[in-house]
Amino acid sequence: MPNAILRPGGRRVAAAAAAVLATLALPVTTRPAYAAAQPQLQVSSTADVRIGPAGTTVGFQLRNAGDAPATGVGAVYDAGTTSDDVILSVPEGSTDCRQVGRTADCRHGELAAGQDLLVYPIVLRSTPDARPGPAGTVRVSVSAQGPDGAVSASYELPVSIRASGSGLVASVGDLGSAQQRVGGGDRRPLDATVFNFGDTALPGFLLNITLPLGATFGERYSDCVYDDDWPGEPPAGYVYGPQRVTCRMNLILEPGAGVAFSDPQSGDAAFNLVFGKNLPGPAEEAGWFEAAELDDQALPDALSRTGTTAGPSLADKIAELRAEAEQRNGTGPPSRAKPRSAGERTPDEPPTTGPPATAGQHDTAGPQNPAGPQATTGGAGPARVDAEAGTNVDEFSIWTKANSHDLEVRATAVTGSVGDTVEVPYTITNHGPSDGAATWRIVAPSGTVLLPSQWCAFRDEAGESIAELSEVDCGTESQWPATASGEGVLSSVVRVKINSTPGTNGTVTVRSVGPSTETGPKSNTAKIVFNEPGGGGGAVDGDDDGLPITGARTGPIAAVGAGVLLLGAVLLLLGRRRRSTVPPPSE
């Protein structure tokens, strides 16, 4: 019965009318007052750090899990509660950290919303006669400024002292120099060595290499794990990850012995770095080469990965380098060294990933080698390091060639009346080819002021939060990838309060702060344009914190209008279908 809903006196008609009336009776909810976005700091590290006399460079992961940038990020690393057997220092040449007694006070710049930052601010050593076992905790206090004031986070890192005197030391050479730089399309070998300066043999170690954006590894070893968080595949010539590799080296490393990952004489290496068109420059970028004992988790858990990839074996490559060196130097037969036998492995231990390295195969410190230990696996020109100065993490420089990018900013015209607060959308794009870094300044049109908005630092000259400004500086303080990465576009809004008729002098101007040069300066500025008012945004009385956003209530208003039309249609149909009950007039 298709017309049942319109039957005179039917209950469905009453129900439909009641539903429409109930809809009309619903209160119209206005848009809630703007709540300023805030950063949320997080800090983490390894579950436990085990140290020895050789020293361990400790890494921490700082993260802004909020939705606003954190500025003036600082951290205090306090070893005051650890035992007297623990020695804290800052890495040699550090300009970001200052040591005061058993604490390190560090400045870490700024963290954009969602940004992670890996830092290596402190080195922990044990005294020569230290007692093995737990040695207390290092207390970490991180603080920063957000749009609504200060934010902070804390963390406690357990520290223990190794039972043995083993100690790994990593050594790696720089790539290029100020006169010989690398750029897109280049490939360079990484000259690196790992030593055991302890007094007991090690069954192996964990190897980690971290590269800057725009660099990656030329090989994909099946016994290594590659950390790649970039989406999809970039265009030809661009490099976006993986920037980090982790390899488990299951080889015996005797005291005083070392293993080389390159052969400087032949130019062959286990790790060859490849560079993309997006590599910023000219600059001195940094990479990290780290060795850690197998029972240590050298980096934060969030950075660990599991699984393997298809490809050749790193263990085979190390054996190949050794065989080539032995054959050339006449120190052994031209065959690959064999890994540990099956009887030397525990049942739950994975397959070996390298040949044994013993003191008999490598030079050790003493009168016959006054320059210090060296690893001869790579052939002539072996690496030499100072046992006293070395740590398990070594930083290396990558000198990059000049590059350029094209930054573009666009702003969308808006409509508003005096008393309104409007949101002006804008986008900033890095068209590349180089990745970069940028800040931008927003200038309010005359007759308006800017209110706290994402990415922007609303602070006065004393660094205190402020409610409004006529112009403000904004930025991410992180690398800005080119669009070839699948990202490279920032979209946001700035809140503008209209006090009087807006002028035409408002602008959003982006400025590169990276090493690459800008090729399109004309697109670096966009005007903030107000259309002619069209009735305003329905501003209501209230304080500045609860100002309405123009156009926010069009949805509820439209719903009310649709309800009125629906009720009218129902009543009209009822009137047309109902039979008359009034008797006809007499003739």
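The values are calculated or read from the model by the stated rules, or taken from the named source; none is laboratory data. This is a predicted model, so every value here is computed, not measured. As a convention, Cβ positions derive from the backbone with ideal geometry for all residues, glycine included, and neighbour counts pool all protein chains shown. Note: areas computed on protein heavy atoms with side chains; ligands, DNA, RNA excluded. Shrake-Rupley method; radii C 1.70, N 1.55, O 1.52, S 1.80 Å.
The criterion of being among the β-branched types (Val, Ile, Thr) and buried (at least 17 other Cβ atoms within 10 Å of the Cβ) holds for Val472.
At pLDDT 95 or above and among the polar types (S, T, N, Q) - does that describe any residue in the range 214-225? There is at least one residue in the range 214-225 that is at pLDDT 95 or above and among the polar types (S, T, N, Q).
Taken over the range 22-55, the residue count meeting the criterion of being modelled with pLDDT under 50 and surrounded by 11 or more Cβ atoms within 10 Å (Cβ to Cβ) is 7. Only one entry in Thr476, Thr509, Thr448, Thr504 is under 13 Å from Glu408 (Cα atoms) and touching a strand residue (DSSP E or B) at 6+ places or on another chain (Cβ under 8 Å), namely Thr509. Of the strands (runs of 3 or more DSSP E) lying entirely inside the range 442-527, those containing at least 3 residues that are under 27 Å from the mean Cα position of the chain (by Cα) span 471-475, 489-498, 506-512.
The rows are residues; the columns are (1) open to solvent by 10 Å² or more (accessible area, probe 1.4 Å); (2) touching a residue at least 60 places away in the same chain (Cβ under 8 Å); (3) in a strand (DSSP E or B).
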| position | (1), (2), (3) |
| --- | --- |
| Ile122 | no, yes, yes |
| Pro134 | yes, no, yes |
| Val138 | no, yes, yes |
| Gln145 | yes, yes, yes |
| Ser152 | yes, yes, yes |
| Pro158 | yes, yes, yes |
| Ser171 | yes, yes, yes |
| Ala178 | yes, yes, no |
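Are any of the residues in the range 194-204 in a loop (DSSP other than H, G, I, E, B), open to solvent by 30 Å² or more (accessible area, probe 1.4 Å), closer than 19 Å to Thr391 by Cβ and not polar (S, T, N, Q)? Reasoning before the result, please.
Residues of the range 194-204 that are in a loop (DSSP other than H, G, I, E, B), as a first pass: 197-201, 203-204.
Checking the rest, the ones that are also open to solvent by 30 Å² or more (accessible area, probe 1.4 Å) come to 197, 199-201, 203.
With the extra rule that they be closer than 19 Å to Thr391 by Cβ, the set shrinks to 197, 199-200.
Pick out the ones that are also not polar (S, T, N, Q) and you get 197, 199.
So far as the range 194-204 goes, yes, one or more of its residues are in a loop (DSSP other than H, G, I, E, B), open to solvent by 30 Å² or more (accessible area, probe 1.4 Å), closer than 19 Å to Thr391 by Cβ and not polar (S, T, N, Q).
Residues of the range 226-244 that are in contact with a helix residue (DSSP H, G or I) (Cβ under 8 Å, 6 or more places away or on another chain) and open to solvent by less than 40 Å² (accessible area, probe 1.4 Å): Asp227, Pro234, Tyr240, Arg244.
Quick grid of which residues meet (1) of a type in the set (Gly, Ala, Ser); (2) without any contact (Cβ under 8 Å) to a residue 60 or more places away in the chain; (3) part of a strand (DSSP E or B):
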position: Arg248; (1), (2), (3): no, no, yes
position: Val259; (1), (2), (3): no, no, yes
position: Ser266; (1), (2), (3): yes, no, no
position: Asn278; (1), (2), (3): no, no, no
position: Glu284; (1), (2), (3): no, no, yes
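If you go through the range 274-293 and keep only what is surrounded by 22 or more Cβ atoms within 10 Å (Cβ to Cβ), out of contact with any helix residue (DSSP H, G or I) (no Cβ under 7 Å at 6 or more places or on another chain) and not charged (D, E, K, R), you end up with Phe275, Gly276, Leu279, Pro280, Gly281, Phe289, Ala291, Ala292. Tell me, yes or no, whether the range 245-257 has at least one residue that is over 19 Å from Pro203 (Cβ atoms), surrounded by fewer than 22 Cβ atoms within 10 Å (Cβ to Cβ), in contact with a Ser or Thr (Cβ under 9 Å, 6 or more places away or on another chain) and at pLDDT below 95. Among the residues of the range 245-257, not one is over 19 Å from Pro203 (Cβ atoms), surrounded by fewer than 22 Cβ atoms within 10 Å (Cβ to Cβ), in contact with a Ser or Thr (Cβ under 9 Å, 6 or more places away or on another chain) and at pLDDT below 95, which makes the answer no.
Of the residues Arg98, Arg162, the single one that is within 20 Å of Val393 (Cα to Cα) and open to solvent by less than 30 Å² (accessible area, probe 1.4 Å) is Arg162.
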